[in-house]
Amino acid sequence: METVIVKFSDIDIRNSAGGKEDHPIDAGSFQGKIAAAGKILKEGGLVAFPTETVYGLGADALNPQASRKIYEAKGRPSDNPLIVHISNMEDLGKITAKVPEQAKKLAAEFWPGPLTMIFEKSPLVPLETTGGLQTVAVRMPDHPIALGLIQAGGGFVAAPSANTSGRPSPTTAEHVAQDMEGRIPMILDGGPVGIGIESTIVDVSGDMPMILRPGYITKEMVQEAIGPVALDPGLTAENEAVRPKAPGMKYKHYAPKGQLILVDGEREAVQAEIIRLSKEAAAKGQNVGVIGTDETWGSYPYGIVKSIGTREDEETIARHLYGVLREFDEQDVEIIYSESFSAPGIGQAIMNRLLKAAGHHVLTAPKREG
């Protein structure tokens, strides 16, 4: 299958967001490109597209055969539910059995944006889209290309991240092409994404809202909008016996090809332990990678060392995380040692992704004497 990569300029995106275009609506215009992609979705095909979080792999969410194609293209387990993307609040009621008041408050505060909510599903949504569950995950993305595609594709687009299952999520169209070229007919290239990690997932189908996946929208932000919210215990512990209710809850995700090991503990002790471990691995002839920050990367003398961002602005770490993991793949790195990121706020989301990528392989650095 030939994969067509359709590029959008910054001018295209700015004009579309403002509701106008500087040129006629032809095949090369923003609306022309979106219309062509929407036609593919309506015909049961797949289109990769940018959102504010990561690139998604889209299909008609109400077409069971189209949803199956997502699982096939990604090599994704069929019990791992997909997120349905919508472009307006009116459509939410069509795919859910009910919309609780707390969900309405969260939508008013964070939609469009990096928040996914889980509802009881309506009969309109096929089980192929929900991974066999009677609940459906829904979000409204904050990106003009994504919103335009949803509208052109029929209003309901199922879209997990546009990568081979288990690999680091794509934050550029180039990342998508690495995994999906030849598997899907079209990739919409809107440039690098803004956030870099997947949406926060909040289950609003029960009595107490529960965060199933941390993201840019933090627990504190959710609580400020609706009051008390629980954290799923599986965020910090691996439980293969639990059937996933949301994407990424059960299976190893975001992983580079090399073994990723997190080193936790006091900052100086972590640095000392990573230096020791990387030195030993290099002495054995292994191609070693080290993930540090702007504050620490210069202190690591062994292996291929990359800064993931600055701790002064953890959003930079989120934005670069998956790109750094993919760079190590390109350099055939066999083992990667990473500092941990356990700070509150978005640091929790970063650590969640790293734990999944490492298969929960964490070492505690011994405390330094004195």
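Over what distance in Å are the Cα centres of the stretch 67-145 and the stretch 280-330 separated?
The distance from the Cα centre of the stretch 67-145 to that of the stretch 280-330 comes to 34 Å.
Residues of the chain: accessible area per residue at 1.4 Å, in Å²? Present the calculation step by step, with values, prior to reporting the outcome.
Numbers: 15180 Å² over 370 residues.
Heavy-atom SASA per residue in the chain reads 41 Å².
Ranked from highest to lowest mean number of other Cβ atoms within 10 Å per residue, what is the order of the peptides 94-103, 175-184? Walk me through the numbers before you get to the answer.
Numbers: 94-103: 16.8, 175-184: 19.9.
Packing order, densest peptide first, comes out as 175-184, 94-103.
Among the listed pairs Lys7/Lys33; Lys257/Lys306; Lys257/Lys356; Lys7/Lys306, give every one whose C-alpha distance is greater than 20 Å.
On the way: Lys7/Lys33 9 Å; Lys257/Lys306 16 Å; Lys257/Lys356 13 Å; Lys7/Lys306 29 Å.
Violating the 20 Å Cα-Cα cut-off are Lys7/Lys306.
Given a 1.4 Å probe and heavy atoms of the protein chains only, how would you sort Leu46, Leu127, largest accessible area at the top?
Working: Leu46 10, Leu127 80 Å².
I get Leu127, Leu46, largest accessible area first.
Arrange the peptides 85-93, 158-166 so that the one whose residues have, on average, the most other Cβ atoms within 10 Å appears first. Let's see the in-between values first.
On the way: 85-93: 16.9, 158-166: 24.0.
Ranked from most to least packed, the peptides come out as 158-166, 85-93.
Of the DSSP beta bridges with both residues in the chain, give the percent that are antiparallel, rounding to the nearest 5.
35
Highest first, please rank the peptides 32-43, 217-228 by the mean number of other Cβ atoms sitting within 10 Å of their residues.
Numbers: 32-43: 19.4, 217-228: 15.5.
Taking the mean over residues of other Cβ atoms within 10 Å, the ranking is 32-43, 217-228.
Through the Karplus equation 6.51 cos²θ - 1.76 cosθ + 1.60, θ set to phi - 60°, convert the phi angles of the stretch 321-331 into ³J(HN,Hα) values in whole Hz; use x for Gly and Pro.
Working through the residues one at a time gives 3, 5, x, 5, 4, 5, 4, 5, 4, 5, 9 Hz.
Find which of Gly131, Ala108, Leu149 sits farthest along the positive direction of the dipole of the stretch 55-176, computed with +1 on the beta-carbon of Lys and Arg, -1 on that of Asp and Glu, about the Cα centre.
Of the candidates, Gly131 comes out farthest on the positive side.
Let me have the 222 nm mean residue ellipticity of the chain computed from DSSP H runs of 4+ only, each contributing -39500 (n - 2.57), with the sum over all residues rounded to the nearest 500. All intermediate terms of the calculation are to be shown ahead of the outcome.
Details: 12 runs with 121 residues, N = 370.
When only DSSP H runs of four or more count, the value is -9500 deg cm²/dmol.
Determine the dipole magnitude for the chain: charges of +1 sit on the beta-carbon of Lys and Arg, -1 on that of Asp and Glu, nothing else is charged, the reference point is the Cα centre, and the result goes in debye to the nearest 20. Before the final figure, lay out the partial values.
Values: 37 positive and 48 negative charges, 172 e Å.
The calculated dipole for the chain is roughly 820 debye.
The values are calculated or read from the model by the stated rules, or taken from the named source; none is laboratory data. Treat the numbers as computed from the prediction; the structure is a model and nothing was measured. When we count neighbours, we look across all protein chains shown, and the Cβ atoms used for this are built from the backbone with ideal geometry, even at glycine. SASA here: full protein model, heavy atoms, side chains in, ligands and nucleic acids out. Shrake-Rupley method; radii C 1.70, N 1.55, O 1.52, S 1.80 Å.
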